[in-house]
Amino acid sequence: MSDSTKYPVRTDRAPVPVARFSQAVAKGGLLAVAGQMGFDPETGAPVGPGLAEQVHQSMRNLQTVLAEGGATFDDVIMVRVYLTDTDHFAEFNRLYDSWFENTPGGAYPARTTVYVGLPAGLLVEIDALAVIG
Amino acid sequence: MSDSTKYPVRTDRAPVPVARFSQAVAKGGLLAVAGQMGFDPETGAPVGPGLAEQVHQSMRNLQTVLAEGGATFDDVIMVRVYLTDTDHFAEFNRLYDSWFENTPGGAYPARTTVYVGLPAGLLVEIDALAVIG
Amino acid sequence: MSDSTKYPVRTDRAPVPVARFSQAVAKGGLLAVAGQMGFDPETGAPVGPGLAEQVHQSMRNLQTVLAEGGATFDDVIMVRVYLTDTDHFAEFNRLYDSWFENTPGGAYPARTTVYVGLPAGLLVEIDALAVIG
């Protein structure tokens, strides 16, 4: 069956992986999207020092990779958010919520948010699991 | 097909999300449950300063959200545990294990445990992925 | 249907869980693999202080558990990597990439890498979600 084949997503319109992993991969009706950070896909550099720029770029990258895999945020069931500072939580939520203003039926993805370390200057990483079958 | 629709879980008997995410969402036979912490759904406040109270409340919240989505711990394939102190590991395992005393065939979910930062006073966050299809 | 049953993986050739979780569990065409660290399954002790030894042992343990569940790295859609030091990222990628030299069509799993705390002496934890249906 076609959905038992694994399809990688590759696009220059989102940050290119620096190791042997895919931006996303589809198999069996699932689309797993790699953690996205605030890198500008054109320059390869972080978009800016601020949380807002990094969150929106991370979400744009997620959206681009999802689209390349035939999905939208409406197909996402789980989002994992990795922040680096608990003081960012309230602002992060405002930024995040702006991406889900038009979700049909309020069927937002589930989400887990934890606070981790990231490479210097990076404030947020976000990944997603979508059902596209 | 019905399972290609995304169904959000909403219940007042578990902590209400503070942003645009669902307590859980079902699609394509999967039920993804958002990270649960030791919040009392009635008061919205943490249940207590101790690990035991917080772990049991987190697990109760998980169980409540799973149930609202038509699932039990027996349907869960993966649990992610976020602790804040490596010294909590042994006690956490004792508390966690008490929730799986009657798992049929010892078919416990897989689990990953890591140590992260959480908002002040919170010691544990737990999420789950269940297969309900 | 058979795939609605949950099948746990149990093997002595990978580290034995210290609590009520499975090394991996299959249900509904998915195989969720618990976080693997650099423990030698024969001795139960960490394989060595260095990153290289721990990464390769973690990957061997993952591979063993996947195999016991009827899967290979080619079936994995998502890998989660937990490192403890951002300075390990470049070396980690070299070690990780060596496990994916022969991936058909470059269909590597997606991956998220974050930096967390782990018990003393442990430098890396890796888990995986595979589609085997």
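The values are calculated or read from the model by the stated rules, or taken from the named source; none is laboratory data. These numbers were taken from a predicted model, which means no experiment stands behind them. Ideal geometry is used to build each Cβ from the backbone, glycine not excepted, and the neighbour counts take in all protein chains shown. Side chains included, ligands, DNA and RNA excluded: accessible areas come from the protein's heavy atoms. Shrake-Rupley method; radii C 1.70, N 1.55, O 1.52, S 1.80 Å.
Scan segment B:43-66 residue by residue and report those that are assigned to a helix (DSSP H, G or I), more than 16 Å from B:T84 (Cα to Cα) and aliphatic (A, V, I, L, M).
Residues satisfying the conditions are B:M59, B:L62, B:V65, B:L66.
Restricting to segment A:16-56, name every residue that is open to solvent by less than 30 Å² (accessible area, probe 1.4 Å) and either of a type in the set (S, T, N, Q) or more than 7 Å from chain C (Cβ to nearest Cβ) (or both). Outline the logic, then answer.
Of the residues in segment A:16-56, the ones open to solvent by less than 30 Å² (accessible area, probe 1.4 Å) are A:19, A:22-27, A:29-36, A:38, A:48, A:50-51, A:54-55.
Hits for segment A:16-56 are A:S22, A:Q23, A:A26, A:G29, A:L31, A:Q36, A:G38, A:G48, A:G50, A:L51, A:Q54, A:V55.
Taking segment C:12-29, which residues are closer than 17 Å to C:A128 by Cβ and within 14 Å of the chain's Cα centre (by Cα)?
Pass one, segment C:12-29, residues closer than 17 Å to C:A128 by Cβ: C:13-15, C:17, C:21-29.
Passing the criteria: C:R13, C:A14, C:P15, C:P17, C:S22, C:Q23, C:A24, C:V25.
Here is a list of conditions, (1) surrounded by 18 or more Cβ atoms within 10 Å (Cβ to Cβ); (2) closer than 20 Å to C:S22 by Cα, and B:R94 meets all of them except one; can you say which number that is?
(1)
Please enumerate the residues belonging to segment B:1-42 that are among the basic types (K, R) and not in a loop (DSSP other than H, G, I, E, B). Reasoning before the result, please.
Taking segment B:1-42 as the starting set, the residues that turn out to be among the basic types (K, R) are B:6, B:10, B:13, B:20, B:27.
Passing the criteria: only B:K27.
Residue check: is A:A130 open to solvent by less than 50 Å² (accessible area, probe 1.4 Å), within 20 Å of C:I77 (Cβ to Cβ) and part of a loop (DSSP other than H, G, I, E, B)? Spell out how you get there, then give the answer.
Values: open to solvent by less than 50 Å² (accessible area, probe 1.4 Å): yes; within 20 Å of C:I77 (Cβ to Cβ): yes; part of a loop (DSSP other than H, G, I, E, B): no.
No.
Condition test on C:R60, is it open to solvent by 40 Å² or more (accessible area, probe 1.4 Å), under 16 Å from the mean Cα position of the chain (by Cα), at pLDDT 95 or above and more than 27 Å from C:F89 (Cα to Cα)? Even if it seems obvious, please write down each step before you answer.
Numbers: open to solvent by 40 Å² or more (accessible area, probe 1.4 Å): yes; under 16 Å from the mean Cα position of the chain (by Cα): yes; at pLDDT 95 or above: yes; more than 27 Å from C:F89 (Cα to Cα): no.
No, not satisfied.
Might you let me know whether segment C:67-74 holds any residue that is more than 9 Å from every other protein chain (Cβ to nearest Cβ), open to solvent by less than 10 Å² (accessible area, probe 1.4 Å) and assigned to a loop (DSSP other than H, G, I, E, B)?
In the first step, residues of segment C:67-74 are kept if they are more than 9 Å from every other protein chain (Cβ to nearest Cβ); the result is C:67-73.
Applying the additional criterion that residues be open to solvent by less than 10 Å² (accessible area, probe 1.4 Å) yields C:71.
Imposing the further condition that a residue be assigned to a loop (DSSP other than H, G, I, E, B) reduces the set to C:71.
Looking through segment C:67-74, at least one residue is more than 9 Å from every other protein chain (Cβ to nearest Cβ), open to solvent by less than 10 Å² (accessible area, probe 1.4 Å) and assigned to a loop (DSSP other than H, G, I, E, B).
State whether one or more residues within segment B:75-95 are more than 9 Å from every other protein chain (Cβ to nearest Cβ) and over 28 Å from C:A120 (Cα atoms).
No: zero hits.
Scan segment A:92-105 and tell me whether some residue there is at pLDDT 95 or above and at positive phi.
The answer is no, given that none of the residues of segment A:92-105 is at pLDDT 95 or above and at positive phi.
Can you name every residue in segment B:105-127 that is more than 10 Å from chain A (Cβ to nearest Cβ) and either in a helix (DSSP H, G or I) or not aromatic (F, W, Y) (or both)?
Passing the criteria: B:G105, B:G106, B:A107, B:P109, B:A110, B:R111, B:T112, B:T113, B:G121, B:L123, B:V124.
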